[in-house]
Structure formats: C-alpha cells, structure tokens
Amino acid sequence: MSKQDYMNTWVQEPPLDYSFRSIHVIQDLISEEPRTGLRPLRHSKSGKALTQSLWLNNNVLNELRDFNHVTSQLLENPESLAWIDLSFNDLTSIDPVLTTLFNLSVLYLHGNSIQRLGEVNKLAVLPRLRSLTLHGNPIEEEKGYRQYVLCTLPRITTFDFSGVTKADRNTAEVWKRMNIKPKKVQIKQDAL
C-alpha cells in the first residue's frame, strides 16, 4: 500500500475518541480507554491508532502540555492530524502546540474560556485550516468577533458551524479597513 493510499485510508477512519472522560491533563490519555463507536478503530502493527481525528471534547482540560509526546504514543502518524475537537473544556488560550499541526483542517474550540481575541492570530500559520469553532468563549462577546476571525483566517470556509459567504468576507474586509490600523514601516535613521 502506498503512503498516499495509507493517508486516504486514515481520512475515512473513525476518530480516536476520548470525549466525556473527565480528563484533566493530556497525559491521562495514555491510561484512559478511548470510547468505541459503531466502526472499530484500526491499529498499526505497533498498536497505534490509524486515524487523523482526535476528539477530546467535554473534558476538563485547561492546558495541552505534552500533547505531541502523548499523541506520538497513541497515533501512528500524529503529524497527520486533520481534525481535533477540544470543545467544552477549560482552555483559556490557544495552545501553541496546535500551530505545529500543519495538516489540521478542522478545529473545534467552542465552549471553552478563551478571553483574548488576539489568540486567533496564532492559527494564521495553519495552511489547511478550513473549519473553526470558537462560540461559547468569552471572546464571542468582543466587538467585531466574527469579522476579526475572518480577516485573520481568510482561508476558513466554515466558522462556528456556519458557512462563510462572500458577503461575510466583504463585511470583514470593510471592518478591517475601519478598525485595524496598518503597521507603519519604520525607516532606520542610520540608513539615510
């Protein structure tokens, strides 16, 4: 089986599901048994899960310390994670570890405690991110919340479970021109 066929197989696999397990720290995943679904999760010869989806929703996580270490023990190819559900936890920020997952296309962060709208900036480095949820966080109350996210992440096509329309993009661009001042280029005096 070619690597591409292998990757395509993972996309169709069910998620590694640790939702509703009262998990407090990522390290608990190693000793916790994942939930089983209608279709069984396949494993490699080394015993690691063959999936690109990890569900950690409805737990009590407040940080993602050791995320890479733990996922490398659980997943055959953790760098191929395409979908992570961290909704309904106690996260107060967007952990930088998420910005290292360049294949991530779906990220659910709704129902957490993220308070700073600027946290969204961290996600701009994810080239494949297409679907993001942030509703139910304190940042949702910020003025221009939707427009800010759409300006910061122009590639997303679904935000808070709603499709992003051309009108949304236009509104976000107008909002950006009215609310975000462009950075001024400073010329060094020594160069003149």
As an exercise: evaluate Phe67 against (1) aromatic (Phe, Trp, Tyr); (2) farther than 18 Å from Gln27 by Cα; (3) open to solvent by less than 30 Å² (accessible area, probe 1.4 Å) and give the number of the one condition it does not meet. (2)
Report, by residue number, each residue of the range 132-159 that is under 20 Å from Leu91 (Cα atoms), open to solvent by less than 30 Å² (accessible area, probe 1.4 Å) and not in a helix (DSSP H, G or I). Leu132, Thr133, Leu134, Asn137, Phe159
Within the range 111-125, does at least one residue satisfy the condition of being touching a strand residue (DSSP E or B) at 6+ places or on another chain (Cβ under 9 Å) and open to solvent by 70 Å² or more (accessible area, probe 1.4 Å)? no
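Of the residues Thr51, Thr92, which single one is modelled with pLDDT of 95 or more, surrounded by fewer than 17 Cβ atoms within 10 Å (Cβ to Cβ) and either under 23 Å from Gln12 (Cα atoms) or of a type in the set (Ser, Thr, Tyr) (or both)?
Exactly one of Thr51, Thr92 is modelled with pLDDT of 95 or more, surrounded by fewer than 17 Cβ atoms within 10 Å (Cβ to Cβ) and either under 23 Å from Gln12 (Cα atoms) or of a type in the set (Ser, Thr, Tyr) (or both), namely Thr92.
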Within the group Asn77, Asn59, Asn103, which residue is surrounded by fewer than 22 Cβ atoms within 10 Å (Cβ to Cβ) and closer than 26 Å to Val149 by Cβ? Asn103
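The values are calculated or read from the model by the stated rules, or taken from the named source; none is laboratory data. Model, not experiment: these values are computed from the prediction. For neighbour counting, all protein chains shown are included, and Cβ atoms are generated from backbone atoms with ideal geometry for every residue, glycine included. Heavy atoms of the whole protein, side chains included, go into the accessibility calculation; ligands, DNA and RNA do not. Shrake-Rupley method; radii C 1.70, N 1.55, O 1.52, S 1.80 Å.
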